[in-house]
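The values are calculated or read from the model by the stated rules, or taken from the named source; none is laboratory data. Bear in mind the structure is a predicted one, so any value in this text is a computation, not a measurement. Don't worry about glycine lacking a Cβ; one is built from the backbone with ideal geometry, like all the others, and counts go over all protein chains shown.
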Amino acid sequence: MKKLFQLGLMILVLLFVFSNDTYAQKSKKKKSATDEYFDESGSLKTKLWYGGGFTLGYSGGTFENFFQIGISPMVGYKITDKFSAGPRVSFIYTNYRVQYGGDVLTANPISWDAGVFARYKIIPVIFAQVEYQFQNAVEGFTVVNGNELVSVRRQRNNFLAGLGYSSSGGSLFGYEILLLYNTTLPSNVLESPFVIRIGFTYNF
């Protein structure tokens, strides 16, 4: 997971440096096809958009409490004005405390997923999205060795598809609401196949 995060960060840094360098090296000579692609009206910087959301949750009871916080950044590349694609990752930190016998047991696992998406603007405020996602998530907790609380994890490949609403409508900043359906969810789990995401975008 650490290597995946470092690789993603390195790619973002390289893209940023490359776009700035391209802009600075413009000359007055006749532009080639490559120059025209990276000019002021269609530079790599203008073809990238950024988005993401946050997770925050808490629940508590007499014998247990549960706290979650997470982040899910994404970067899209505008292949055309309407069609874009890119990577998306998500990290969720969980703090779970439970009273067990005379002790209070604690676990602090991290759930994560990583994947790629493609998005198409049907109209300026409505878009369709498909996404492949590899998920490594916590689905429960168990006690081992009498007093050690450990998380029970699952690994799964997900393919999601759905529709979203974007408030940006051509402006730089906006928020979005996305409803996805997990087409590969196993039939023997209680989890809902519907996924609702609310987040923010820049330059979408």
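From the list Tyr93, Tyr132, exactly one residue is touching a Gly at 6+ places or on another chain (Cβ under 7 Å), of a type in the set (Phe, Trp, Tyr) and under 21 Å from Asn182 (Cα atoms). Which is it?
Details: Tyr93 fails: under 21 Å from Asn182 (Cα atoms).
So the residue among Tyr93, Tyr132 that is touching a Gly at 6+ places or on another chain (Cβ under 7 Å), of a type in the set (Phe, Trp, Tyr) and under 21 Å from Asn182 (Cα atoms) is Tyr132.
Quick one: is Arg156 surrounded by 15 or more Cβ atoms within 10 Å (Cβ to Cβ), charged (D, E, K, R) and without any contact (Cβ under 8 Å) to a residue 40 or more places away in the chain?
Answer is yes for this residue.
Any idea which residue in region 120-155 is farthest from the chain's Cα centre (by Cα), counting only those that are of a type in the set (D, E, K, R) and at pLDDT below 95?
That would be Glu148.
Is at least one residue of region 40-63 charged (D, E, K, R), modelled with pLDDT of 50 or more and more than 24 Å from Phe173 (Cβ to Cβ)? It would help to see each step written out before you state the result.
Initially, region 40-63 is screened for residues charged (D, E, K, R), giving 40, 45, 47.
Then keep just the ones that are modelled with pLDDT of 50 or more; that gives 40, 45, 47.
Retained after the next criterion (residues that are more than 24 Å from Phe173 (Cβ to Cβ)): none.
No.
How about region 61-137: which strands (runs of 3 or more DSSP E) wholly inside it have at least 3 residues that are β-branched (Val, Ile, Thr) and within 17 Å of Gly199 (Cβ to Cβ)? It would help to see each step written out before you state the result.
Working: elements: 64-78, 83-100, 103-107, 110-123.
The qualifying strands (runs of 3 or more DSSP E) are 64-78.
Within region 143-153, identify whether any single residue is in contact (Cβ under 8 Å) with a residue 40 or more places away in the chain, in a strand (DSSP E or B), closer than 22 Å to Asp81 by Cα and touching a strand residue (DSSP E or B) at 6+ places or on another chain (Cβ under 9 Å), and answer yes or no.
Applying the first criterion (in contact (Cβ under 8 Å) with a residue 40 or more places away in the chain) to region 143-153 yields 143, 147-151, 153.
Filter once more, keeping what is in a strand (DSSP E or B): 143, 148-151, 153.
Checking which are closer than 22 Å to Asp81 by Cα leaves us with none.
Checking region 143-153: not a single residue is in contact (Cβ under 8 Å) with a residue 40 or more places away in the chain, in a strand (DSSP E or B), closer than 22 Å to Asp81 by Cα and touching a strand residue (DSSP E or B) at 6+ places or on another chain (Cβ under 9 Å).
Is it the case that region 123-135 has a residue that's within 23 Å of Gly170 (Cβ to Cβ), surrounded by fewer than 13 Cβ atoms within 10 Å (Cβ to Cβ), in contact (Cβ under 8 Å) with a residue 24 or more places away in the chain and hydrophobic (A, V, I, L, M, F, W, C)?
yes
Test each condition in (1) assigned to a strand (DSSP E or B); (2) over 30 Å from Tyr77 (Cβ atoms) for Val195 and report the one that comes out false.
Just one mismatch for Val195, condition (2).
State all residues of region 172-190 that are surrounded by 11 or more Cβ atoms within 10 Å (Cβ to Cβ) and part of a loop (DSSP other than H, G, I, E, B); if no residue qualifies, say none.
If the condition is that a residue be surrounded by 11 or more Cβ atoms within 10 Å (Cβ to Cβ) and part of a loop (DSSP other than H, G, I, E, B), then Thr183, Thr184, Leu185, Val189 are the ones that fit.
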